[in-house]
Every structure is written in structure tokens, then in C-alpha cells.
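Derivation of every value follows stated rules applied to the coordinates shown; laboratory data play no part. Keep in mind that this is a model prediction, so the values were computed, not measured. Note that each Cβ is placed from the backbone with ideal geometry, even for glycine, and that neighbours are counted across all protein chains shown.
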Amino acid sequence: MTDSTRLRIAVQKKGRLSDESLKLLKAIGVKLSIRDRLLIAHSTNLPIDLLLVRDDDIPGLVMDGIADLGFIGENELEEKMLERQAANEPAEYQLLKRLEYGGCRLSIAVPNEFDYKGLESFEGKRIATTYPQLLKRYLQENNVNASPVMLTGSVEVAPRAGIADAICDLVSTGATLEANGLYEAIEIFQSKAVLIQKDGALEENKQELVDTLLPRINGVMQAKE
Ligand code: ATP
Ligand code: ZN
């Protein structure tokens, strides 16, 4: 059973944001008992429940008010917000804190043999991506007529498979691009992990808890500097 008096925090279950998010919760004094394969984990010392989900689901859970807080990458957050705005669905949230982990960039990359000469090189091209909204916004802002091709995975093989001329994907070191015969042409979005809260007021006891946790996050981040 879920208890609505407990602060509900959405965290990526498994992936690039999980370890750091859980480490941060631990560092601010939230003790957790996490059992494999369960969607929900309870804090043993504070009225907090964790929802352990795919990162793609976190913005929506917060925007729908199902989770009170969420740890999420700005790339995923912004993509979901644009998608919901386009569909006239609730897309509100409050940004509590920009965090120091999960850094990456969303870039357009092209095959080594692609003759990239600036944005006009993408005119009329197909660009495979998991972030069609962020890509569309960038193309519109820069007056480029290119078509996003939505793929949820294996984006980096799309040019070789003849599905697209270029890709728009997350990059940190560039090793994956290189391994697939691609190079980074242009960065379109920079991202880090953020802590967000649902829109509107929290119940009083939850707000008090958030008010004690936030300064601790600031403390942990300052200690790292
Ligand atoms: P899930 O199964 O939860 O959907 P996923 O495969 O979508 O996982 P991960 O690869 O774990 O996601 O990445 C989660 C987030 O981590 C990204 O959306 C991004 O904000 C951040 N991130 C940081 N560095 C990288 C990187 N090098 N490549 C991809 N994502 C990165
Ligand atoms: Zn995901």
C-alpha cells in the first residue's frame, strides 16, 4: 500500500542516474531499504518512499503529481515537457536544484564521409533521434528543414542501416560515435541531472521535510567543490 502522507520521490531504477541519485539521498541522511525488482522502496528513518522507475517515466510522474519529487536529466525533462505541451497535457513542475552529475550533451553527429559544412548541410536530411522534440525545436530555431526520425534505441547504427543521414544523440566522451564511424557535428543541448517538484503546494508535513532536505543537498554539493 502507498501512504499519501509520505514524500514520494521518483528515481531511475537502473542506469546512469541511479547510483548518484541514491548516493545523494544517502548523503543527506535518507536511509533506504531497497529490494531488487520492486517498484517502491521505503525509507527506514524518514517518511519517504522511492518510486524506482525508468528515467523516461519520471517527468510525467511529477507533472501528473503522482511523485512529489524526481531526480531526472534535463534532456529527458525538457523533451517530455515539449511533448506534453504539444499534446495539451499537464507539463508543469518546479525546479528545486540543478545537480552536479549526469552531465552530457545532445549533439547531431554524421558519418565520417558526410561533408559537414554548417547547419545548411542538414537541409532535406533525415536525422534519427530519441529526442524528436528537442531536435525539432533546434531545427526550427535555426531555420533548417530536416526530418527527425524517431528511434527509441540503436540510434547510432541508423546511418549505416540507411534509415537516416545523421543522428542526434547523447554524447559524453564520443567513444560510441567513433566506434560507429560517426563524428560530432554540432551540440544542440547541454544537460545535467536536476531535482524537480510537482507543481502546486505540498502537504504541510511534506513541505517541512523538503525544507530540511534541500539545505542538506546544498551542503553536500558545496562540500564537493
Ligand atoms: P532507462 O532504462 O531508465 O530508460 P536509459 O537507457 O534511457 O535508461 P541511461 O543511459 O541510464 O538511460 O541515461 C539516463 C540519463 O543519464 C540520460 O537521459 C542523461 O540525462 C544522463 N547521461 C549522462 N551521461 C550520459 C551518456 N554518456 N549517455 C547517455 N546518457 C547520459
Ligand atoms: Zn530512458
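Structure values in brief
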read-out	value
Of Lys125/Lys224; Lys26/Lys198; Lys13/Lys224; Lys136/Lys206; Lys136/Lys224, pairs whose Cα-Cα distance is over 32 Å	Lys125/Lys224; Lys136/Lys206; Lys136/Lys224
Lys224-Lys31 pseudo-label distance in nm [points 7 Å out on the Cα-to-Cβ vector]	2.4
Given charges at beta-carbon only (K, R positive; D, E negative), |dipole| of the range 1-74 in Debye	360
Relative packing of peptides 98-106, 69-77 - highest average C-beta neighbours within 10 Å first	69-77, 98-106
Most mobile listed residue (Ala201, Ala109, Ala146) in the chain, GNM with C-alpha springs under 10 Å	Ala201
Net charge of neighbours whose Cβ lies under 9 Å from the Cβ of Pro47, counting Lys and Arg as +1 and Asp and Glu as -1	0
At R0 = 30 Å, FRET efficiency that the Cβ-Cβ distance of Ala87 and Ala175 yields, to 0.05	0.25
Relative contact order for the range 61-152, counting Cα pairs under 8 Å that sit 6 or more residues apart, in percent	24
Trypsin sites (Lys or Arg not before Pro) restricted to the range 115-197 and DSSP loop, no more than 10 other C-beta within 10 Å	Lys117
Principal-axis tilt of helix 18-27 within the chain, Cα atoms, nearest 10 degrees	30
Percent of Cα-Cα distances greater than 21 Å, calculated over the range 104-190	17
